[in-house]
Every structure is written in structure tokens, then in C-alpha cells.
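Computed from the coordinates by the stated procedures, all read-outs in this text should not be read as laboratory data. Note that the coordinates shown come from a computational prediction; the quantities given were computed from them, not determined experimentally. Please note: Cβ atoms are built from the backbone with ideal geometry, for glycine as well, and neighbour counts cover all protein chains shown.
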Amino acid sequence: MNALPTRRRAGLLVPLFSMPSTTSWGIGDIADLAPVSAWLAAAGQSVLQLLPINEMAPAQQSPYSAISAMAIDPIFISLPAVEDWTALGGEGCLSADDRASLDEVRRARDVRYDTVRRLKQKALSAAFDRFYEHEWKRGTDRAASLKTFADAEAWWLDDYAVFRTIRDREQGRPWTEWPTLLQQRAADMLGYVHRTFQRDVLFFQYLQWLAGAQWHRARATAASHGVALFGDLPFMVDADSADVWAHQSCFHLDITVGAPPDAFSETGQDWGMPLYNWEGMAADDFRWLKHRAQRSADLYDGYRVDHLVGFYRTYGRPRDGEPFFTPAKESEQVLLGERVLSTFKEPGAEIIAEDLGIVPDYVRESLRQLEVPGFCILRWERWWHRAGQPFRDPSEYPVLSVAASGTHDTEPLMTWWSSATDEDRKPLNELTTVLEVTEGRGLCDRSPADVRDALIQALYASASGLVLLPVQDAFGWCDRINVPATITPENWTFRLPWPTDRLDDVPEARDCQARLSAWTAKYSRR
């Protein structure tokens, strides 16, 4: 079975884009996983939960809007670690304007995606030009290494590199507007692209070769600190993606997917992405989902399955007509969900399920049978069918669960507490575990820092096998990562207030590290 290990663990959710160091280019990059892993290890944390790192669609900054379900976004490549870039002189070869832009994004308090992407694209293009002339044409060992990588990863990399090449040649037009033979993936036309634009295809393979090598070094470094890297498998990909183009029979392009009304939205959500064609998936023996599972296991020690309930019953929104669930019958939904989760578990990575919102009881029972842990979010974990809807004491959380103060979608813990009504505060204050961690004093009339510490300790004291805290909650900040069902310039731009390679020099970071380490030891989460 693929359940959580029996030992008790704790970790933090920190988006990769949020953790820039002094040497990165205004956004957290792959090399920045090393100092963060070291800091977490000293804090007694053994899991680093990330948001998706898949290549984002052009002009997008949401990690859940992906142009590929397989490729690492080149925006996360660490340029100081790119041999071809340093051979050119590194930052010294930037123009005066580009150096000024780089200084600006480094000083910014948030991630400036457009500028960062423009700067990195120019630098990576220059690095590839040098690689092509000095390595590829000469057949060096590094050229052989890239070829070995491209051959080994061809099962996903070929479609991605060709898609990106055509898309650039078509000036960014979605694939549904390409010439018909390219839309239909006619073999002769794809062969023509390979022959005619071989260098372009190689460029996109080169970027993934760089990203992959950096990623595996970072993962090995994290492992040496005893920190497991957890990823996040988005429920969907964009219609204009390499995956939908390459596996068109697996999607309904005339129906979008979303979520029914829930705590986040009274009208539900429409994510604008194509609905899965489950019959088409089954006819292909779920090959694309198997590839997603394999790719995720190659990158991560474990990962969160986003919008888990959607893999049991997917909420479709036709262009004309009423929304519906597919499959329609409960028995079919159980069979589908369990088939999908078994597919995800097969390569060996740990699986945790984002089972929040409106989730039928039979789905939770199915997760229990499959030994896949779901989430227990403190503010929502209540006995909803009992009089007064009392909070569930953390000591009663299932061992096979993930206790959390929130997710990337929720308002930070202290923002929630500051606006909570007495109807919420009083019963939470009376929980046995809260009284135990506060030595009977409870939460009333306490400072924000004391409330933060008490609520987090209650989660550490819980029965859950894993505790995951958004980094904002660990510090008691009120910064948000995103607001669900909104598109704003502020979403997905949160940065830590200090460079990650300077955390040991920051008193607030040292204090937080000491608290987490003490709670980890006190509640046996090492």
C-alpha cells in the first residue's frame, strides 16, 4: 500500500517562486531549494510542500494554468548554475538596461513575472547558442548527455518540444488555430517540423535538460538534510497545452471543468479548462495519466493530488446547457476515482489528497480503503451534523491524515482568527488539545503571537501523521498566496521578506525555526 509512513512528521508549504536568494533573478529558482531545505531541517521539518512547477501558459502567473503537465517551467532554472551562461560571462554580459531590470526585480517585494521571464529567456537563449556552437556541433560529452536525456525522456519530451516549437513559429497562436495538418498531428507534417526546425526542438529539450539536472541535484541535497520534496499535481491543464494537443481523444474541448458551489464560491467555479473524456482515457488504458504519475514520481518524493474529488466525479460546464457530473452514477464514480488513484500510486511516490470542499462520504471512505490521507484543516474540521457543529479536537483526527492550518487558497490563519466570531472562537478555545497546549489558559485575551503558537501546537499535538503549515502561518503573517476564483496582479506573487540564503541572519526566522524545532521534538514529529 502507499500510505503515509507511520512516523509522525511535519513540514511547511513554501511555493518555489516565493523563495528567491541573493543570487536568483527575482523569483525562487531550483537552486534555492538547498538553503530552504537546510533551514527546514534545522527547524525539525522533514517535508517541503511546493506548488506546481509545470511550465505556465504565456502571460500567466498561476501555477495551475499549465502549458505542459510534464515540463518544468524554465523560469525556475538557476542561471548561475548554467555552465554555458557562466562561460559567456554571466551577468557581466547583460546590457545596462537588462542589469537595471535585474536589480529592480531583485529588490521588489513581489515576483515580477513578465520581467523575470523576459530576462531569463534572453539569458537562456544566449546560453543555448553557445552550447550549440561549442558543444553540440563538436559532439562533446555534454552534447552526448543532452542526447541521452532526450532519448530517455522522449515519452513526454518529444511532444512537448515539438509543441513549443510550433507554437513559437505560429507566433503564440493556440494549437486549435494552427494549420489543419498540425492540429491533427499528421505524421508527415510532424516529420517536417523535426527536420526543418531541429535546432528549435533541441532548444526546448536543452531547457528541460538543464532544469532536470538542477532539480535532481536539489532533490538529492534536500534528501541529505532529511527533507522530502512534495509536489502538487494540478487537476487539469490548459486546453492550449502540449498534453491536450498530443492526447485530444482524452478531452472534451467544448466543455469546461470547474467546481460546484462551495465555501469558496456561491455560484461555483469555471476554470476554463477542457473536461476529461473519461471514456477516451479508458480506451487508451489511461496512458497519459500513467505518464503524469511517472513524471511526478521522477520529480518528487510525494505529491498532493489537487481537487481529488474531481477524479471521482468531474464537474462539467457545457457552452450551452446545465452543468453536470461525469460519471453520473456513484458506483461508476468510485470505480473511476480508485482507478485513477491506483494509477497515481503505482510508481511509488507518496500521495496525499486535497479533499476539501463538497466531498461525498463515499469518496472519503474510498480514500480510507486506499490508505490515501486527506486533509484536516483546523478551521473547517467540525462535527457538522452535531448540534452546534462543534470543532473536532485534533486528538481525534485520523492518523492517516494531514493536519493543516490552511492551504494556498485560504486566508492566513491569523487573518481568519482576527475576523472570527465568538461563535467560532469560544468552542475552539474549549478544545481539550488547545487547553492542554496553553496549560489551561485557552486563547481568549491572548496576544496574536500566543494565539498563533497555541493553534499551531494543537496541530502538532494532533493524531495526524503529517502536519503541513503554509509558511505564512508558521510566522503569523497575513500575506496571501492567492484568492480563489480571482485573477489579480497580486495572486501568486508572494515572496519571503528575506533572501533564503540569509535566513540564518534574520532574528525572526531564527525564532520561528526554534519554535518549530521545539514543537517537533515535544510532539514526536522527528
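Sorted by mean Cβ packing within 10 Å, highest first, what order do the peptides 149-157, 327-335 take? The partial results should precede the final answer.
Working: 149-157: 16.1, 327-335: 14.2.
In descending order of packing, they fall as 149-157, 327-335.
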Over the range 163-289 - Rg/Rh using Cα atoms and the Kirkwood inverse-distance radius: 1.05
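With a/c under 1.5 counting as rounded, go ahead and sort the range 1-88 into rounded, prolate or oblate using the C-alpha gyration tensor (a ≥ b ≥ c being the square roots of the eigenvalues; past the cut-off, prolate if a/b is larger than b/c, else oblate). Before the final figure, lay out the partial values.
On the way: a/c = 2.25, a/b = 1.37, b/c = 1.64.
Note, shape of the range 1-88 comes out oblate.
Based on DSSP, what percent of beta bridges with both residues in the chain are antiparallel, to the nearest 5?
On the way: 17 of 43 bridges.
So the antiparallel bridges in the chain amount to around 40 percent.
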Cut-off under 5 Å, modelled amide H: who pairs with Ala69 long-range: Asp243
More than 43 Å apart - percent of Cα-Cα pairs taken over the chain: 18
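What's the FRET efficiency of Gln171 with Asp151 using the Cβ-Cβ distance as r and R₀ = 41 Å, to the nearest 0.05? Kindly include the intermediate steps, with their values, before the conclusion.
On the way: r = 30 Å, r/R0 = 0.74.
After rounding, the FRET efficiency stands at 0.85.
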Nitroxide proxy distance, nm - points 7 Å out along Cα→Cβ at Arg195 and Trp384: 6.0
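Counting Lys and Arg as +1 and Asp and Glu as -1, each charge on the Cβ, what is the dipole of the chain about the Cα centre in debye, to the nearest 20? Please report the intermediate quantities before stating the final value.
Numbers: 56 positive and 74 negative charges, 194 e Å.
Here the size comes out at about 940 debye.
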Pairwise Cα inverse-distance average, inverted: Kirkwood Rh of the range 365-431 (Å): 13.2
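How do 40-49, 251-260 rank on mean C-beta neighbours within 10 Å, highest first? Numbers along the way, then the final one.
Details: 40-49: 23.3, 251-260: 18.6.
Ranking the peptides 40-49, 251-260 by packing returns 40-49, 251-260.
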Highest-first arrangement of 428-439, 239-250, where packing means the average Cβ count within 10 Å: 239-250, 428-439
Euclidean distance between Cα centres, the range 29-100 to the range 160-191, Å: 27
Cα-based reach from Lys345 at 18 Å (exclusive), listing lysines while leaving out same-chain residues under 8 positions away: Lys290
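Extension gain Glu266-Ser224, at 0.36 nm per residue separation less the Cα-Cα distance, in nm?
Values: separation 42, 0.36 × 42 = 15.12 nm, distance 4.59 nm.
Additional length available on full extension: 10.5 nm.
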Vicinal HN-Hα couplings computed from phi for the range 52-63 (Karplus, 6.51 cos²θ - 1.76 cosθ + 1.60; Hz; Gly/Pro x): x, 10, 5, 4, 6, 5, x, 6, 9, 10, 7, x
Distant-in-sequence amide H partners of Ile27 (H built 1.01 Å from N, under 5 Å): none
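Counting only other residues whose beta carbon sits under 15 Å from that of Asp32, what net charge do I get with K and R as +1, D and E as -1?
Working: positive: Arg106, Lys120, Arg217, Arg219, Arg495, Arg502; negative: Asp29, Asp73, Asp501, Asp504.
Net local charge, Asp32 excluded: +2.
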Local electrostatic count at Leu102 - Lys and Arg +1, Asp and Glu -1, tallied over other residues with Cβ under 11 Å: +2
Anchor Lys137: lysines whose Cα lies under 29 Å away (excluding residues fewer than 8 positions away in-chain): Lys120, Lys122, Lys147
Alpha-carbon centroids, the range 353-374 and the range 424-469: separation in whole Å: 25
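Which order do Asp200, Asp141 fall in if you start with the one that has the fewest other Cβ atoms within 10 Å? Write out the running numbers ahead of the final one.
Values: Asp200 17, Asp141 7.
In increasing order of surrounding Cβ atoms, one gets Asp141, Asp200.
Under the definition of Cα pairs under 8 Å and six or more residues apart, what whole-number percent is the relative contact order of the chain? Don't skip to the end; give the middle numbers.
Details: 898 pairs, mean separation 111.6, N = 526.
That works out to 21 percent.
When the Kirkwood hydrodynamic radius is evaluated over all pairs of different C-alpha atoms of the range 342-498, what value in angstrom, to one decimal, is obtained?
Numbers: mean 1/r = 0.0593 Å⁻¹.
Evaluated on the range 342-498, it is 16.9 Å.
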Positive-end extreme of charge dipole, the chain - chosen from Gln49, Trp136, Phe475 (charges on Cβ): Trp136
Furthest towards positive pole of dipole, Ser524, Met414, Leu12, structure part the chain, Cβ charges: Ser524
